[in-house]
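**Q** Structure below; questions to follow.
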Amino acid sequence: MPVTDVTHDLDTRTLVITAEFAAPIERVWQVYADPRQLEQVFGPPSFPATFVEHDLTPGGRAHYFMTSPDGEKYFGWWRVTGVDAPSRITFEDGFAADDSFTPLEDMPVSQNIYAFEPKPDGSGTRAVFTSTYDSAEALQKVLEMGVVEGASSAINQIDDLLAR
Amino acid sequence: MFVDMVSTAPSSATDADEDRADAMFHALADRTRRDILRRVLVGEHSVSALAASYEMSFAAVQKHVAVLERAGLLTKRRDGRQQLAHGEVEAVRSVASLLADLEELWRGRIARIDELIANDPITPTP
């Protein structure tokens with residue numbers, strides 16, 4: 001399975017997920033550098049993501065919306081705080097009210113660090129995804145999406161793929 | 001970050017849930033309170049027995065117990081002159097499940113990355 005380690009920190013509301021991918025670091029980086037690839041993985045199949053702005057440079061912004069099964073759009077933004085291709089990106093992730101992508105000031109923002117490194121044995125790439133939510137409210141909003149996600153079915157999908 | 005996708009749920013229930021989560025995270029964001037909770041999850045303890053375990057005043061320990069009680073993580077009952085505290089296993093489980101659910105979200109995302117890479121393994125040429 002690609003996920004190799006998971007750490008929960010209740011005190012800081014931080015989730016750290018370590019995963020290993022059977023691909024070179026440049027290939028994994030491309031998933032984040034190419035908005036067309038990013039939107040294939042970002043949202044679950046029932047809530048596809050569309051990135052309308054994607055500037056992966058320090059100070060740059062990404063704007064996206066996710067579309068619910070009944071066609072409603074939900075808007076979000078990233079503010080990129082650091083980029084070190086192909087090994088590291090840090091960004092803030094927050095809510096927006098509409099397609100102006102103006103951050104909603106009173107809504108929670110999460111801090112994210114995505115770090116990639118080649119595995120020492122050369123067999124692929126290790127990725128460490130760290131997300132910190134500054135309030136229980138922020139965490140819950142993401143989790144409400146988790147209910148929709150049906151992640152176990154996604155994991156079964158990958159098992160099916162590997163079995164081919 | 002995702003907006004409230006299940007906003008069709010009664011909003012009063014959502015507010016109550018969020019208030020409850022706030023109280024729980026606040027209660028757990030303290031080393032002494034987590035330690036107290038570990039003890040009372042194993043078995044019932046009197047508040048005075050708990051107080052004897054820490055280098056702080058009885059009143060201070062009592063305050064920690066009260067925070068845990070307000071968060072629904074601990075309940076007290078009176079037995080004669082003693083106050084007995086025990087942990088609420090279900091409530092503790094619900095805090096842990098917040099992060100567990102987020103983990104599930106991430107597992108789905110990582111599975112999709114893995115699938116994308118497997119279907120399109122070409123590394124871009126710089």
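**Q** What are the ³J(HN,Hα) couplings of region A:116-133, residue after residue, when phi is run through the Karplus curve with 6.51, -1.76, 1.60 and θ = phi - 60°? Round to Hz, x for glycine and proline.
**A** Calculated HN-Hα couplings, in order: 10, 8, x, 5, x, 8, x, 8, x, 10, 9, 10, 10, 9, 10, 10, 10, 10 Hz.
**Q** For A:VAL52, B:VAL61, what ranking results if the residue with the fewest other Cβ atoms within 10 Å of its Cβ goes first?
**A** Values: A:VAL52 13, B:VAL61 20.
With the fewest neighbours first, A:VAL52, B:VAL61 line up as A:VAL52, B:VAL61.
**Q** Taking every residue in A:65-76, how many Cβ atoms of other protein chains lie within 10 Å of its Cβ, on average? Can you show the working numbers first?
**A** Numbers: counts 1, 3, 0, 3, 1, 1, 0, 3, 1, 6, 2, 3.
Partner Cβ neighbours, averaged per residue: 2.
**Q** Same structure, new question: Is region A:1-80 rounded, prolate or oblate when judged by the Cα gyration tensor, a ≥ b ≥ c being the square roots of its eigenvalues, rounded requiring a/c under 1.5 and prolate requiring a/b larger than b/c? Display every interim value, and only then the final one.
**A** Numbers: a/c = 1.45, a/b = 1.27, b/c = 1.14.
Rounded shape, in that the Cα axes give a/c under 1.5.
**Q** Within a 10 angstrom radius of each residue's Cβ in A:36-46, how many Cβ atoms of other chains show up on average? Whole number is fine. It would help to have the intermediate numbers written out before the result.
**A** Numbers: counts 0, 4, 2, 0, 6, 10, 4, 4, 4, 2, 1.
So the per-residue partner count for this stretch is 3.
**Q** Residue by residue through A:21-28, how many Cβ atoms from other chains fall within 10 Å of the Cβ on average?
**A** If you average over the peptide's residues, the count of other-chain Cβ atoms is 5.
**Q** Within 10 Å of each residue's Cβ, count the other Cβ atoms and sort B:LYS63, B:LYS76 from fewest upward. Don't skip to the end; give the middle numbers.
**A** Details: B:LYS63 14, B:LYS76 17.
Ascending number of Cβ neighbours within 10 Å: B:LYS63, B:LYS76.
**Q** Right, something else. Can you give the local net charge around A:ASP34? Use residues other than it whose beta-carbon is closer than 11 angstrom to its beta-carbon, Lys and Arg +1, Asp and Glu -1.
**A** Numbers: positive: A:ARG27, A:ARG36; negative: A:GLU39, B:ASP120.
Value of the local net charge: 0.
**Q** When the Cα atoms of region B:11-119 are enclosed in a convex hull and the volume is divided per residue, what value in Å³ results? Intermediate values should be presented prior to the final figure.
**A** Working: hull volume 14.3 nm³, N = 109.
Normalising the Cα hull of region B:11-119 by residue number yields 131 Å³.
No value in this document is a laboratory result; all are computed from the given coordinates. What you see is a predicted model; the values in this text were computed from it and never measured. Backbone-built Cβ (ideal geometry, glycine too); neighbour counts: all protein chains shown.
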